[in-house]
Amino acid sequence: MLYSKSTGKTSDKSARQLLFSEDLRHLYPVASAPDPQVTNRPTLVMDTEQDNTKESILQEITAVSRRLDRMDSTISTLATETKSIRSDIASFQSRMIGLEQCITAVEDHLNTVPDREQKLLFLRSKLIDLEDKSSMDNVLFVGFPGRIEGPNIQAFLQKVLPALTGITFDPPLEFQRAHRLGSKRLDGASQP
């Protein structure tokens, strides 16, 4: 048994009717409830209003369904593009790791370049010295009295050799080294 606020009476109602409060019955009429507002109206108007309400609800549900379908399609597209972007990022990361390794190797080589340049210069000077020594033709002149050449032996030879041989050298002779053999004699005699 239920108590009705509007009539002040108690009555038996089914469990289905309990779902609706008496204040909302004019919006959602229950078929088995004898409501004076519903019974006073013609049935055709009530059915038309219910059909219109049902149809507008159906249209709204259809519109929402379409929006959801578009959203699903958009989300699916975004998911596919996100996967593609992730694979591109993974590819770029692996390429970046390779580039970083190459850069590290180049930096290591660049750090050793100055040392290698110094070593190369040293080896070059050694090579030039060895070439000079290997290609050196030693010429021994004898019979010149001691100290006739003066302080510059090379200038003396450039002047004397053309006169002795009768050959004019153009350009003049160049000597890498010129010196007397042996040490100075203690008795002051001329060196060979």
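Coordinate-derived values only; no laboratory data. Keep in mind the model is a prediction, meaning the values are calculated, not measured. Glycine gets a Cβ as well: all are built from the backbone with ideal geometry, and neighbour counts include every protein chain shown.
Neighbours of LEU123 by Cβ distance under 12 Å: Lys/Arg scored +1, Asp/Glu scored -1, total +2. Note on ARG67 and ILE167: their simple-model spin labels are 11.0 nm apart, each label 7 Å out from Cα toward Cβ. A simple spin-label model places the labels of THR48 and LEU110 8.8 nm from each other, with each point 7 Å out along Cα-to-Cβ.
Run the numbers for LEU78 and LYS133: contour at 0.36 nm per residue of separation, minus the present Cα-Cα distance, in nm.
Numbers: separation 55, 0.36 × 55 = 19.80 nm, distance 7.91 nm.
Fully extending the segment from LEU78 to LYS133 adds 11.9 nm.
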